[in-house]
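Single-structure report; data block below.
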Amino acid sequence: MHTPMTPSRPYLIRALYDWIIDNDLTPYLLVDASRDGLRAPMEYADNGRLVLNISGRAVRELQLGNELIAFSGRFGGAALDVEVPVRAVMAIYARENGQGMLFNDTDDDPPPSGGDDSEQATDNHAKTSRQPNLRVVK
């Protein structure tokens, strides 16, 4: 039996952040403003969503952790420390062209546990043969 894997979302966020920055574009996060643990300027939320510019020009002390994304930013002229649980991130994308990744609530759920090894092999084959559920934000 294998130990459960850590969630992929924080690793994908970091990789896409680097990719967006390397292409001289502006990384934005789309955040579910209803999630627990979110510390952000809620007056900027629209329809339960918050868009945050996380470029080096917009924020200071950016930390893209496995559980939490934290930074200091200015909103309406006032400095504010922002904390975004990684599970609250709905997407990361480049402002200029919309390229990035949209996440859904089940992206980091562990796979269902299987029975014996033969059932698990069948389950693994079924999982690898279906289409991935990743979409590009346009």
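We did not get these values from a lab; they are worked out from the coordinates using the rules stated. From a predicted model like this one, the values you see are computed outputs, not experimental measurements.
Below are the figures for this structure:
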| item | result |
| --- | --- |
| Fraction in percent of alpha-carbon pairs per bin - 10 Å, segment 69-109 | 24, 38, 34, 5 |
| Karplus 3J(HN,Hα) series, Hz, for segment 22-31 with 6.51 cos²θ - 1.76 cosθ + 1.60 (x for Gly, Pro) | 4, 9, 6, 10, 10, x, 10, 10, 9, 10 |
| Semi-axis lengths, Å, segment 1-99, gyration tensor of Cα atoms, sqrt of 5 times eigenvalues | 22, 17, 13 |
| S55 long-range amide H proximity, modeled H, under 5 Å | none |
| For segment 44-50, Karplus couplings with θ = phi - 60° (6.51, -1.76, 1.60), whole Hz, Gly/Pro x | 9, 6, 9, 6, x, 10, 10 |
